[in-house]
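Student: To start, I am sharing the structure in question, which I have written as structure tokens.
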Amino acid sequence: MSISQFTETSARLRCITCGSKPASAAQDFRCTSCGDLLEFVFPEWSHDPPALKALWVHRKTLLKPLDQSGVWRFRELLPDIPEEHVITLGEGNTPLYELPRCARIVGLDTLQAKHQGMNPTASFKDTGMTLAASSAHQQGFRWVACASTGNTSASMAAYAARGDMRSLVLIPEGKISWGKLSQSLDYGALTCQLRTDFDGCVRILNELVRQKPVYLLNSVNPYRIEGQKTAAIELMEQLEWQPPDHIIVPGGNLGNSSAIGKALLEMRELKLISRLPRLSIIQAQGANPFYRSVREFGGTKLEPVTADTQATAIRIGNPASWKKALRVLRATGGEVEQVTELEIAEAKAEIGADGIGCEPASAVTLAGLKKLLKRGFVKQGETVILILTGHLLKDPDFTIKFHRGDLFPGTPDESQSAQIGPLQRAPVVLDADLAAVIAALDAAESRNS
Ligand code: F0G
């Protein structure tokens, strides 16, 4: 088999609502007929599943950056971008970890997490950004831009820098973590902290791209979704193409759940997998418009909310991709859940105690799994994969406050102390004295026994 055998994919854009097929996208990536989102479709796909699987594994042994990337390795299922325009940082190829302690806590035999925080800028955004930034490069844009809760902006700034483009970041002032802000500064973005929330930043950006020749890199850009699909493809490869019963993802702007769901549906259509996992989406209770849409309105409408959660990555009240997410939720038979701030903090520390760690938004997956188990939606003996979206070090403030007991204002009540107290490990300040360190060690040992 020749290596270049599968590279033509003939992708077309299509509106998710009216079905019109524009030859190219408008600046805001909305359908010019009905205003809804666009997606890529691949009408001429005809692949031989075993040959594709073998080709993708074979590429891991090749040295070309395109083959080493955990995104471009799967390029048969992506829109074409000429190689000279591809901007890659070696994204994807993220580990699938066992979480034995978490499995014991929730009462499952096994539990696994695909850690998308192990990408080059430490979040899942890199998988979509490599494609969308490459498309900006192909089209000759000088400026790219996004509104962000921090991870998209970090990723965009890095890929823009690598592709010799300028980047404009709009972030809500005071509402993103320092780790993420520091990334976009270091990667050279023009970083504007707007006195509004994420949804306010999106509104301004949508106006801006209509007036200025700036390429929009939010997840309404369908290239982002295509790149993010590869997390699910790679996951199935890691599972030797045996789908799990459940995949659980956090929901913010709902691009990621849409992407993973799209990949699952396409893989089944192509007979790469024989059945669909259920894809469930978890939101923070303080930022739950999609949960409410499904539970209260049967998915007929989405009422924006004023979002508030310490999981700042998903502090989003008006998610752009809710219709795409609803479609994959329904097609895979998944569920929605919402989780409280305390449940998020507890789950994050539990994932940390497994030696993996993640940022708060990722921990909603474990907190949500507990609820799905309690409701009987996830059953004993079923296989579950959590998608961890961001690295622990993205938001060290949250973690330090949690362990010091400063995350929640006021004096903790008894149930709160019982829930999170055993997980808190505040640093111990001691004199530089061997006896004091030995006493601390002995005390820790006796607490654990
Ligand atoms: N987890 C993390 C760590 C995120 O950064 C985000 C979104 C999500 C989950 C939710 O994914 O929006 O596709 O549903 N962060 C965006 C940003 C919005 O600007 O970085 P989603």
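The values are calculated or read from the model by the stated rules, or taken from the named source; none is laboratory data. All figures in this text were calculated on a predicted structure; none of them were measured in a lab. Neighbour counts run over all protein chains shown; Cβ positions are idealised from the backbone, glycine included.
Student: Anything in the stretch 295-308 that is surrounded by fewer than 24 Cβ atoms within 10 Å (Cβ to Cβ) and either touching a residue at least 12 places away in the same chain (Cβ under 8 Å) or among the β-branched types (Val, Ile, Thr) (or both)? List them, or say none. Let's see the steps before the verdict.
Tutor: Taking the stretch 295-308 as the starting set, the residues that turn out to be surrounded by fewer than 24 Cβ atoms within 10 Å (Cβ to Cβ) are 295-306, 308.
Listed by number, the residues that qualify are 295, 299, 300, 302, 303, 304, 305, 306, 308.
Student: When you go through (1) in contact with a strand residue (DSSP E or B) (Cβ under 6 Å, 6 or more places away or on another chain); (2) surrounded by fewer than 24 Cβ atoms within 10 Å (Cβ to Cβ); (3) assigned to a helix (DSSP H, G or I); (4) not aromatic (Phe, Trp, Tyr) one by one for residue 244, which number turns out not to apply?
Tutor: (3) is the only condition that residue 244 fails.
Student: Let me ask something else about it. With the checklist (1) surrounded by fewer than 17 Cβ atoms within 10 Å (Cβ to Cβ); (2) of a type in the set (A, V, I, L, M); (3) in a loop (DSSP other than H, G, I, E, B) in hand, flag the one item residue 407 doesn't pass.
Tutor: Looking at each condition in turn, residue 407 falls short on (1).
Student: Checking residue 387 against (1) in contact (Cβ under 8 Å) with a residue 40 or more places away in the chain; (2) more than 17 Å from residue 278 (Cα to Cα): exactly one of these is not met. Which one?
Tutor: (2)
Student: Show the residue pairs that are 6+ apart or on different chains and have beta-carbon atoms under 7 Å apart, the first residue being within the stretch 198-213 and charged (D, E, K, R), the second being within 14 Å of the ligand (Cβ to nearest atom) and at pLDDT 95 or above.
Tutor: Once the first residue is charged (D, E, K, R) and sits in the stretch 198-213, its partners that are within 14 Å of the ligand (Cβ to nearest atom) and at pLDDT 95 or above give 199/316; 199/317; 199/318.
Student: For residues in the stretch 99-114 being more than 23 Å from the chain's Cα centre (by Cα) and not in a helix (DSSP H, G or I), which is nearest to the ligand (Cβ to nearest atom)?
Tutor: 108
Student: Exactly one of (1) within 15 Å of the ligand (Cβ to nearest atom); (2) assigned to a loop (DSSP other than H, G, I, E, B) is unmet by residue 355. Its number?
Tutor: Residue 355 satisfies every listed condition except (1).
Student: Looking at the stretch 342-351, is at least one residue in a loop (DSSP other than H, G, I, E, B), more than 27 Å from residue 41 (Cβ to Cβ) and more than 13 Å from the ligand (Cβ to nearest atom)?
Tutor: no
Student: Residues being under 17 Å from the mean Cα position of the chain (by Cα) and small (Gly, Ala, Ser): count how many of those fall in the stretch 258-299.
Tutor: 7
Student: In the list 409, 396, which residue meets the criterion of being closer than 23 Å to residue 308 by Cα and within 15 Å of the ligand (Cβ to nearest atom)?
Tutor: Step by step, each of 409, 396 is checked, and only 396 is closer than 23 Å to residue 308 by Cα and within 15 Å of the ligand (Cβ to nearest atom).
Student: Now for a separate question. Does at least one position in the stretch 71-80 carry a residue that is touching a strand residue (DSSP E or B) at 6+ places or on another chain (Cβ under 9 Å) and modelled with pLDDT of 95 or more? Quick ask: steps written out before the conclusion?
Tutor: Of the stretch 71-80, the ones touching a strand residue (DSSP E or B) at 6+ places or on another chain (Cβ under 9 Å) are 78-79.
When the remaining residues are screened for being modelled with pLDDT of 95 or more, the result is 78-79.
Yes, the stretch 71-80 contains at least one residue that is touching a strand residue (DSSP E or B) at 6+ places or on another chain (Cβ under 9 Å) and modelled with pLDDT of 95 or more.
Student: Does any residue in the stretch 133-160 that is touching a residue at least 40 places away in the same chain (Cβ under 8 Å) and over 14 Å from residue 88 (Cβ atoms) come within less than 9 Å, Cβ to Cβ, of a residue that is among the charged types (D, E, K, R) and more than 12 Å from the ligand (Cβ to nearest atom) six or more places away or on a different chain, and which pairs are these?
Tutor: 142/166; 143/166; 143/212; 144/166; 145/212; 147/203
Student: Confirm whether residue 262 is under 19 Å from residue 390 (Cβ atoms), in a helix (DSSP H, G or I) and away from the ligand (no atom under 12 Å from the Cβ).
Tutor: Criteria not met by residue 262.
Student: Which of (1) charged (D, E, K, R); (2) in contact with a strand residue (DSSP E or B) (Cβ under 8 Å, 6 or more places away or on another chain); (3) part of a loop (DSSP other than H, G, I, E, B) is the odd one out, the single condition residue 44 does not satisfy?
Tutor: (2)
Student: I'd like the full set of residues that are in contact (Cβ under 8 Å) with a residue 60 or more places away in the chain and among the hydrophobic types (A, V, I, L, M, F, W, C), limited to the stretch 348-367.
Tutor: 349, 351, 353, 356, 358, 361, 364, 366, 367 - these are the residues of the stretch 348-367 that are in contact (Cβ under 8 Å) with a residue 60 or more places away in the chain and among the hydrophobic types (A, V, I, L, M, F, W, C).
Student: Does the stretch 365-372 include one or more residues that are in a strand (DSSP E or B), within 15 Å of the ligand (Cβ to nearest atom), among the hydrophobic types (A, V, I, L, M, F, W, C) and within 24 Å of the chain's Cα centre (by Cα)?
Tutor: Among the residues of the stretch 365-372, not one is in a strand (DSSP E or B), within 15 Å of the ligand (Cβ to nearest atom), among the hydrophobic types (A, V, I, L, M, F, W, C) and within 24 Å of the chain's Cα centre (by Cα), which makes the answer no.
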